[in-house]
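Participant: Please read through the structure below; I'll follow up with questions.
The values are calculated or read from the model by the stated rules, or taken from the named source; none is laboratory data. Everything numeric here is computed off the predicted structure, so don't read it as measured data. Because the Cβ atoms are built from the backbone with ideal geometry, glycine has one as well, and the counts that use them run over all protein chains shown.
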Amino acid sequence: MTTLSLEAVRAAIAQINEGGISLGDDRYVQDFTLRPDNIVGFAIRLPQISDPRRDPLINAAKTVIRDRFPEVKDVWVKVLEDPALAPPPNPAELPGTGKVRHILAVSSGKGGVGKTTVSVNLAVALADMGHKVGILDTDIYGPNVPLMFGLEDYRFTPDNFVEENGVMVVEPAFNYGVKIVSRTFTQYGSQPLPWRGPMLHGIIRQFLSAQIRWGELDYLIVDLPPGTGDAQMTLIQAIALAGALIVTTPQAVALLDAQKGLQMFLNMGVPVLGAIENMSYFVPPDLPDRRYDIFGSGGGHKTAETLGLPVLGCIPLEMALREGGDRGVPLVLSTPHSPAAQALCATAQAVREALP
């Protein structure tokens with residue numbers, strides 16, 4: 001007879017496996033306890049409380065423990081819900097992505113560097129070049145893509161849902177030659193979104209698994225949330241990316257965070273096409289021929305040297321860029337001859353050439 005102990009109980013149920021969930025995996029089984037009155041307890045974490053594998057796992061564990069340790073008086077199993085444990089959607093099964101030639105992630109190691117501004121203007125610039133373009137706003141906490149496209153009040157209605165091959169799919173919003181999908185389109189009111197880790201994972205997976213009618217696209221720009229946490233990695237795992245773009249500023253703190261973003265992509269096997277240096281220099285509105293290196297001189301050389309990446313574009317800090325985003329008209333359309341618009345168009349061309 002095996003001596004009753006926590007280690008012996010863990011070993012006894014380690015071989016139980018149901019639908020890919022192993023009770024020998026610490027991600028799923030935690031918090032083992034053994035009371036003095038020989039009651040064994042532990043917690044099983046599942047993607048959903050109603051997971052169909054719950055009862056078979058619990059019954060199998062109780063049977064093994066009672067057969068192996070007759071002195072056990074009872075087995076208490078607590079089930080916890082953790083949506084983060086759900087496997088990411090298979091990229092090949094995501095609706096529409098099979099018709100997309102290039103899926104590009106636009107990332108930033110920290111907020112406030114103009115990632116979404118760059119994403120929106122890149123998408124519009126590529127569309128203006130004659131390409132079929134879509135943009136997916138996955139910045140759950142601060143979804144600003146709709147505002148920059150002039151669609152802050154847009155919401156999906158029943159008219160957006162159509163039947164395709166027996167499945168109801170969502171028709172994206174459309175403006176400035178770009179198809180647009182954002183979480184904002186599915187919510188009502190202006191309340192903040194206080195999502196925590198596990199809940200955020202569930203929202204992301206639900207969002208990516210939605211039936212979206214992208215149609216045929218040359219480029220799908222994915223505007224990632226800022227940072228390098230679990231939410232970003234979940235998104236990266238869920239999408240078959242052709243490459244990533246890292247947006248940063250010349251500041252040392254921004255470059256430090258950009259390095260973390262670079263390492264995240266490299267660790268996950270995603271090719272990084274290059275960096276885009278935003279706020280590279282300042283152009284006064286009344287002196288368009290002047291430039292001031294507010295965050296340091298040297299153009300994109302510091303960025304290239306620090307990150308070890310090609311710099312695909314250096315975007316100046318220009319008032320018109322901010323104004324265009326605030327009023328919902330991207331700069332490359334509202335002020336196409338401005339220094340920032342010219343730099344953004346050149347960046348779009350560089351991104352296009354960096355792809356195989």
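Participant: Counting only residues that are touching a helix residue (DSSP H, G or I) at 6+ places or on another chain (Cβ under 9 Å) and of a type in the set (Gly, Ala, Ser), give me the helices (runs of 4 or more DSSP H) lying completely in region 231-327 with at least 3 of them. Working first, answer last.
Facilitator: Working: elements: 252-267, 301-307, 319-327.
In region 231-327, 252-267, 319-327 are the helices (runs of 4 or more DSSP H) which contain 3 or more residues that are touching a helix residue (DSSP H, G or I) at 6+ places or on another chain (Cβ under 9 Å) and of a type in the set (Gly, Ala, Ser).
Participant: Sticking with this structure for a sec: Picking from 27, 10, 45, which residue would you name as being closer than 27 Å to residue 235 by Cα, surrounded by fewer than 17 Cβ atoms within 10 Å (Cβ to Cβ), outside the structural domain of residue 240 (by TED's automatic domain parsing) and at pLDDT 85 or above?
Facilitator: Of the residues listed, the single one that is closer than 27 Å to residue 235 by Cα, surrounded by fewer than 17 Cβ atoms within 10 Å (Cβ to Cβ), outside the structural domain of residue 240 (by TED's automatic domain parsing) and at pLDDT 85 or above is 27.
Participant: Still on this structure, please answer the following. Given the criteria out of contact with any Ser or Thr (no Cβ under 6 Å at 6 or more places or on another chain), among the small types (Gly, Ala, Ser), assigned by TED's automatic domain parsing to the domain that holds residue 178 and in contact (Cβ under 8 Å) with a residue 24 or more places away in the chain, does residue 328 qualify? Walk me through it before giving the result.
Facilitator: Numbers: out of contact with any Ser or Thr (no Cβ under 6 Å at 6 or more places or on another chain): yes; among the small types (Gly, Ala, Ser): yes; assigned by TED's automatic domain parsing to the domain that holds residue 178: yes; in contact (Cβ under 8 Å) with a residue 24 or more places away in the chain: yes.
Yes, satisfied.
Participant: Report, by residue number, each residue of region 65-79 that is charged (D, E, K, R), closer than 19 Å to residue 44 by Cα and not in a strand (DSSP E or B). Full working, then the answer.
Facilitator: Step one: of region 65-79, the residues charged (D, E, K, R) are 66-68, 71, 73-74, 78.
Restricting the remaining residues to those that are closer than 19 Å to residue 44 by Cα gives 66, 74, 78.
The answer is 66, and nothing else.
Participant: Among the candidates 274, 229, 269, 215, which residue alone is buried (at least 21 other Cβ atoms within 10 Å of the Cβ) and in the same structural domain as residue 180 (by TED's automatic domain parsing)?
Facilitator: Values: 229 fails: buried (at least 21 other Cβ atoms within 10 Å of the Cβ); 269 fails: buried (at least 21 other Cβ atoms within 10 Å of the Cβ); 215 fails: buried (at least 21 other Cβ atoms within 10 Å of the Cβ).
274 is the lone residue from the list that is buried (at least 21 other Cβ atoms within 10 Å of the Cβ) and in the same structural domain as residue 180 (by TED's automatic domain parsing).
Participant: Same structure again: Would you say residue 260 is of a type outside the set (A, V, I, L, M), more than 22 Å from residue 224 (Cβ to Cβ) and touching a residue at least 12 places away in the same chain (Cβ under 8 Å)? Write out each step before concluding.
Facilitator: On the way: of a type outside the set (A, V, I, L, M): yes; more than 22 Å from residue 224 (Cβ to Cβ): no; touching a residue at least 12 places away in the same chain (Cβ under 8 Å): yes.
So residue 260 fails the test.
Participant: Separate question: Scan region 107-119 and tell me whether some residue there is modelled with pLDDT of 95 or more, in contact with an Asp or Glu (Cβ under 8 Å, 6 or more places away or on another chain) and surrounded by 14 or more Cβ atoms within 10 Å (Cβ to Cβ).
Facilitator: Yes: one or more hits.
Participant: Mind counting the residues in region 51-102 that are modelled with pLDDT of 90 or more and of a type in the set (Ser, Thr, Tyr)?
Facilitator: Matching residues across region 51-102 total 1.
Participant: Restricting to region 3-24, count the residues that are at negative phi and either touching a Ser or Thr at 6+ places or on another chain (Cβ under 7 Å) or in a loop (DSSP other than H, G, I, E, B) (or both).
Facilitator: Let us first name the residues in region 3-24 that are at negative phi, namely 3-18, 21-24.
From what is left, the residues that are either touching a Ser or Thr at 6+ places or on another chain (Cβ under 7 Å) or in a loop (DSSP other than H, G, I, E, B) (or both) are 3-5, 8, 14-16, 23-24.
Here the count works out to 9.
Participant: List the residue pairs whose Cβ atoms are under 7 Å apart, where the first residue sits in region 61-86 and is over 16 Å from residue 11 (Cα atoms), the second is among the charged types (D, E, K, R) and part of a strand (DSSP E or B), and the two are 6 or more positions apart or on different chains.
Facilitator: Between residues of region 61-86 that are over 16 Å from residue 11 (Cα atoms) and residues that are among the charged types (D, E, K, R) and part of a strand (DSSP E or B), the close pairs are 80/45; 82/45; 85/45.
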